[in-house]
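Participant: Attaching a single structure in structure tokens format; questions to follow.
A short reminder: the numbers here are calculations on the coordinates, not readings from a lab. For clarity, every value in this text was computed on a predicted model and none was experimentally measured. Neighbour counts are summed over all protein chains in view; Cβ atoms, including those assigned to glycine, are modelled from backbone coordinates with ideal geometry.
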Amino acid sequence: MTSELSPLLRIALLRSRLQALGCKPCHEDRLLRGWSQVASYDRKGSPAASFFPAALRAELPVIEAQLAGLARLHGAFPADHEVARLLVELSDGQLAESVLLPRGGLCVSTQVGCAVGCVFCMSGRAGLIRQLGSAEIVAQVALARHRRKVEKVVFMGMGEPAHNLDNVLEAIAVLGLQGDIAHKNLVLSTVGDERVFERLPLESVKPALALSLHTTDDTLRARLLPNAPRIPVVELVELAEAYARATRYPTQYQWTLIEGVNDSDAELERIVELLTGKYAIMNFIPFNEVDGLDFRRPSAERMAFMVGALKQRGIITQLRDSAGQEVEGACGQLRARAEARPKSAIRVVAA
Ligand code: SF4
């Protein structure tokens, strides 16, 4: 295992390298297309061999090896053929997680660790270890595409995208412009940060927004998400609503359901007050019970009641499966376990 970071950590570094080899934007775009889509660089009537400058053709094997080294499969924990948690080894040996979701979805990590420190999340336990470069984020998509198609990318894995916004937005631009992902199928998840609401409307590729709410109570939210910005919930919903109306993508509200914490009738009433008339979808996510975290998920009956109660009041609501949870538990748990045992003990599955 090396501890050296790749020289191609960010898309901007890759572009500079290509420019130094005499590439024009069309060459850069074709290389980005081929890499992110796991496709040939050739196009009908225009093979890469004649299209790319000679200096790039000579250097291509080295660049391809460095791109492949950005994200390597360290372990795969399949729930079935379509859904699996992937443990991804980065160029410096750090581990991140991606999740193959049903119906062509992929959840990617944006950081190793996370500084928000949500009390119900394993990823936040060790704090922030390092940022992922934009190329490392795209590399997770390329890695997943070696296993199966990817048509939707959600930025909901390890890390808070708002804390690494330049890299996340650079990755989103590549996936939306060269990576063949529809813009509405790029979903940036945040705990709510003013930088996100300022930057997203200005981007050429505007992702859909997922807002991790978890409660309507500001005091409780400060306890559950200790390092999230202290923006009142009412204000967060207003900011998200403005973006949803501008982009015409509904805001996806994320709510990890924890028994006795945020599953009360009072919460349901306040959700109705907050979201009635809003362009919004409420996603309830059952808490994943993991060692060392003293929370439980509500009963199946209670969760079904909550979904039904909101639907009856006109709030689009779904109970989301936490993909792969039956194999290796919550976000960050796979990495935490891998770090706690020798690397040789991890089951490695070839891509
Ligand atoms: S839930 Fe998301 S924001 Fe909170 S600690 Fe985990 S990775 Fe970070």
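Participant: By a straight-distance test (C-alpha under 29 Å), which lysines pair with residue 278 as possible cross-link partners, with residues fewer than eight away in the same chain excluded?
Facilitator: Hits, sequence-local ones excluded: 152, 184, 206, 311.
Participant: Follow-up question, since we're still on this one. Along the three principal axes, how long is the chain when you take its alpha carbons, biggest first, rounded to the nearest angstrom?
Facilitator: Largest first, the chain extends 67, 48, 33 Å along its Cα principal axes.
Participant: Another question about this same structure. Given points 7 Å out from each Cα along the Cα-Cβ axis, report the residue 321 to residue 146 separation in nanometres with one decimal.
Facilitator: 2.6
Participant: Viscosity 0.692 mPa s, temperature 37 °C: Stokes-Einstein D of segment 117-246 from its Kirkwood Cα radius, in µm² per second? Walk me through the numbers before you get to the answer.
Facilitator: Working: Rh = 15.5 Å.
Value of D from the Cα-based Kirkwood radius: 212 µm²/s.
Participant: Please work out the Cα center distance from segment 86-135 to segment 239-266, rounded to the nearest Å.
Facilitator: Centre-to-centre distance over Cα atoms comes out at 22 Å.
Participant: Take the Cβ-Cβ distance between residue 180 and residue 265 as r, set R0 to 51 Å, and report the resulting FRET efficiency rounded to the nearest 0.05.
Facilitator: According to the calculation, E is roughly 0.70.
Participant: Modelling each spin label as a point 7 Å along the Cα-to-Cβ direction, I'd like the residue 296/residue 65 distance in nm, to one decimal.
Facilitator: Rounded to a tenth, the inter-label distance reads 5.5 nm.
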